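Notes for the one structure printed next.
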Amino acid sequence: MRAMRSIVILISGRGSNMQAIVRAAQTEQWPARIAAIISNRADAEGLKFAAAQGIPTAVVANKDYPDREQFDAALRLVIDGFAPDLVVLAGFMRILTAPLVEHYAGRMLNIHPSLLPSFPGMATHRQALQAGVKVHGATVHFVTPMLDHGPIVAQVVVAVLEDDTEQSLEQRVLVEEHQLYPRAVRWFVENRLSIEDGRVHNSAAPHER
């Protein structure tokens, strides 16, 4: 019997991708449990959802620490208290220090609302519209110390329409994120993913991708 995998999810707001992952894990009966939802903000809406699902929650408020290093050290202690096999960033609005990222090397995932390596950083939808690209999308990747880089697990493409605004493009990308991210997390849980020479190899059958 395959061992149950433990997942910790980090959020800063409503955590819509977190909610999509929790629901997928439940309905698809993954061999995994969501061990905790952790936020850097006590008022994050996603904490209410987690509590309603009976998932343990914790808050590590960055405002309580004088610098990123001390905040990350405290965050690591809390995360490790739940002994995760995988740490998932789901709208966690903090840039993590290299020591924290390296501690979870190969077991920390992020989703970014662009087709990386294009448009890293903030305001990705504005960047896409200003660049005049015809396709946009989202990327799930393993986290490395370099912001919005790291081995790519999966991507989804969204067409950019002539009349798109930042808001309309964001909403269409978000709908796709809610499908893409749970699928990528499930691949990790099922031991489908491996990293070789900086590239992710996926053993899932083509129809499962």
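Between D85, D72, D197, which gets the highest mean-square fluctuation from a Gaussian network model of the chain, Cα cutoff 10 Å?
D197
Distance from the Cα centre of the range 178-201 to that of the range 1-29, in angstrom?
First find each Cα centre; the distance between them is then 14 Å.
Kindly work out what percent of the DSSP beta bridges joining two residues of the chain are antiparallel, to the nearest 5.
Percentage antiparallel, nearest 5: 45.
Under a point-charge model restricted to the Cβ atoms of Lys and Arg (+1) and Asp and Glu (-1), what is the dipole moment magnitude of the chain relative to its Cα centre, in debye to the nearest 20?
Using only the charged Cβ atoms, the result is roughly 480 debye.
For the range 111-209, what are the per-bin percents of Cα-Cα distances with bins 5 Å wide, up to the bin holding the maximum?
2, 13, 24, 22, 17, 12, 7, 2, 0
Rounded to whole Hz and in sequence order, give me ³J(HN,Hα) for the range 155-160 from the Karplus expression 6.51 cos²θ - 1.76 cosθ + 1.60, θ = phi - 60°, writing x for Gly and Pro.
9, 10, 9, 10, 5, 8
How large is the dipole of the range 1-102 about the Cα centre if only Lys and Arg carry +1 and Asp and Glu carry -1, each at its Cβ, rounded to the nearest 20 debye?
For this selection, approximately 320 debye.
As a footprinting exposure proxy, order V22, V157 by other Cβ within 10 Å, with the fewest listed first.
Sorted ascending by nearby Cβ count, the order is V157, V22.
Expressed as a rounded percentage, what relative contact order does the chain have, with Cα pairs under 8 Å and six or more residues apart?
Relative contact order here is 19 percent.
Across all directions of projection, what mean area in square nanometres is found for the Cα convex hull of the chain?
12.3
Could you give the length gained on full extension between R14 and D43, defined as 0.36 nm per residue of separation minus the Cα-Cα distance, in nm?
Going from the current span to full extension adds 9.5 nm.
Can you give me the long-range amide H partners of A154? Hydrogens built in the peptide plane at 1.01 Å from N, cutoff under 5 Å, separation of 5 or more residues or another chain.
Those lying under 5 Å, H to H, from A154 are V140.
Output wanted: per-residue J couplings in Hz (rounded whole) for the range 101-107, from phi through Karplus 6.51 cos²θ - 1.76 cosθ + 1.60, θ = phi - 60°, x for Gly and Pro.
Along the range 101-107, the couplings run 4, 5, 4, 10, 4, x, 9 Hz.
Among V60, V133, V153, which one shows the highest mean-square fluctuation when the chain is modelled as a Gaussian network with alpha-carbon springs under 10 Å?
Checking each option, the largest mean-square fluctuation is seen for V133.
Can you list the HN-Hα couplings for the range 65-78, worked out from phi with the Karplus curve (6.51, -1.76, 1.60; θ = phi - 60°), rounded to whole Hz and with x for Gly and Pro?
Once rounded to whole Hz, the list reads 10, x, 7, 4, 4, 6, 5, 5, 5, 5, 4, 4, 4, 5.
To the nearest 500 deg cm²/dmol, what mean residue ellipticity at 222 nm is calculated for the chain from DSSP H runs of n ≥ 4 alone, each contributing -39,500 (n - 2.57), summed and divided by the residues?
Calculated from helices alone, the mean residue ellipticity at 222 nm is -10500 deg cm²/dmol.
For the chain, set up a Gaussian network in which alpha carbons nearer than 10 Å are linked by springs, and say which option among I95, I111, I37 fluctuates the most.
Checking each option, the largest mean-square fluctuation is seen for I95.
Only the coordinates and a few stated rules stand behind these numbers; no lab work does. Since the model is a prediction, treat every value here as computed from it, not as a measurement. With ideal geometry, Cβ positions are generated from the backbone for all residues, glycine too; neighbour counts draw on all protein chains shown.
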